[in-house]
Amino acid sequence: MGGGKSTLKTIGVLTSGGDAPGMNAAIRAVVRQAAEMDIEVIGIARGFAGLIQGDFRRLHLGSVADIVHRGGTILLTARSEEFKTEAGRAMAVDNMRREGIEGLVVIGGDGSFRGALHLAKKGVPVVGVPGTIDNDLAGTDYSIGFDTAVNTAVEAINRIRDTATSHERVFIVEVMGRESGQIALMAGIAGGAESILIPEIKVDFAQVIERIERGRRRGKLHSIIVVAEGAASALDVSREINRITHLESRVTILGHIQRGGAPTAFDRILASRLGARAVQLLAAGETSCMVGMEANRIVHHDLEWALEQKKEIDLELYHLANVLAL
């Protein structure tokens, strides 16, 4: 699907929900692909709240210069309770029509896609671009920001291991993931964790303790446990380990540092490919869909279908993590 002229004259772009590294690269791709097709782009500040408030700004090539490497989002992001109401959504659609916006690119996660679907059902052509560090959206192997978040967590684990070894301690590292263990699983494997606790698999403290004690018996000076915030509280895990083993443990909660920082090369390229394809789809008359990457190919799926699916954890990877922790 290439470029070329389009009958579409003006589209909008917004970022919504939690920010993710690479969102700026996606915005840049939207603006530059649209410029190549003679389509004007209007940026909406603060997500769906900006649609209701009419917080619009025209974006041109210079607006997106020198942002491909920046974390966060130049359009800002916010959650909007008003948009959840019928009156709020009607106001958003009226503002878009008044501004001449004929299609919308929504960059965000599950909640953002649900908001996009509401607009699509009101007749607004919408394409969703998956931007969330949780990587919990169906229809794509990876979402924008996930690779960066994993690398941030791995860097932290690497640093923590030095201290854990020096002090012969158990360290519990809590990463983001209320309902998804994707970050914990990937960071745990890459960081050489002894145990990885994720929401999708019931926590087995006996197994966690056995791995710690097995490592001690063969002379290992430290243990690293990675826990997704939705699986258990790192503080509770620490207390349980201390109670059973009487070993000294420490907790590190990475929190929002996983969302910040410059996106990795992978996230910049992924965001660029997805952002450009979203514009191409709108220009081709597509609507109510999301773009994604599967087996390194850019694809698109029906938005409602994607929201109905549950992205499963890769159990082969989880079992591999257990093998590698022997």
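Residues of segment 183-219 falling in the label zone of LYS310, defined by backbone nitrogen less than 14 Å from a point 7 Å along Cα to beta-carbon, are 199-202.
Could you list LYS122, LYS310 in order of exposure, starting from the residue whose Cβ has the fewest other Cβ atoms within 10 Å? If you can, show how the numbers build up before the last one.
Details: LYS122 14, LYS310 9.
Arranged by neighbour count, lowest to highest, LYS122, LYS310 become LYS310, LYS122.
Taking a ≥ b ≥ c as the square roots of the eigenvalues of the alpha carbon gyration tensor, segment 1-101 is oblate, as a/c is not under 1.5 and a/b does not beat b/c. Report summary: the helix-based calculation at 222 nm, which adds -39500 (n - 2.57) for every DSSP H run with n ≥ 4 and divides by the residues of the chain, gives -13500 deg cm²/dmol. Work out the length of the dipole vector of segment 149-259 about its Cα centre, built from +1 on the beta-carbon of each Lys and Arg and -1 on the beta-carbon of each Asp and Glu, and round it to the nearest 20 debye. The calculated dipole for segment 149-259 is roughly 320 debye.
Among residues other than GLY260 with Cβ under 12 Å from its Cβ, the summed charge is +1 (Lys and Arg +1, Asp and Glu -1). Semi-axes of the equivalent ellipsoid of segment 149-259 are 20, 16, 12 Å, computed as sqrt(5λ) over the eigenvalues of the C-alpha gyration tensor in descending order. Where in segment 32-55 does the label zone of ARG98 land, with the point 7 angstrom along Cα→C-beta and an amide N cut-off under 18 Å? Residues 42-55 qualify, since their backbone N sits under 18 Å from the label point. Dipole size of segment 48-204 about its Cα centre, with +1 on Lys/Arg Cβ and -1 on Asp/Glu Cβ: approximately 600 debye, rounded to the nearest 20.
Between rounded, prolate and oblate, where does the chain land on the alpha carbon gyration tensor, with a ≥ b ≥ c its root eigenvalues, rounded for a/c under 1.5, else prolate if a/b exceeds b/c? Please list the in-between numbers first.
Details: a/c = 2.52, a/b = 2.34, b/c = 1.08.
Judged from the Cα gyration tensor, the chain comes out prolate (a/c at least 1.5, a/b above b/c).
Set the Förster radius R0 to 51 Å, insert the Cβ-Cβ distance between GLU86 and GLU155 as r into 1/(1 + (r/R0)^6), and round the FRET efficiency to 0.05. Spell out each step's value before the answer.
On the way: r = 45 Å, r/R0 = 0.89.
Rounded to the nearest 0.05, the efficiency is 0.65.
DSSP finds beta bridges in the chain, and of those with both partners inside it, around 25 percent are antiparallel. Amide hydrogen proximity for GLY12: with H placed 1.01 Å from N in the peptide plane, the residues at 5 or more positions away or on another chain lying under 5 Å are ILE42, GLU102, GLY103, LEU104, VAL105.
Rounded, prolate or oblate, given the Cα gyration tensor of segment 69-109, with a/c below 1.5 counting as rounded?
Details: a/c = 2.77, a/b = 1.47, b/c = 1.88.
Oblate is the answer for segment 69-109, as a/c is 1.5 or above yet b/c matches or exceeds a/b.
Here, each number is a calculation from the coordinates, and none is a lab measurement. On a predicted model such as this, the values are computed, not experimentally measured, just so you know. When we count neighbours, we look across all protein chains shown, and the Cβ atoms used for this are built from the backbone with ideal geometry, even at glycine.
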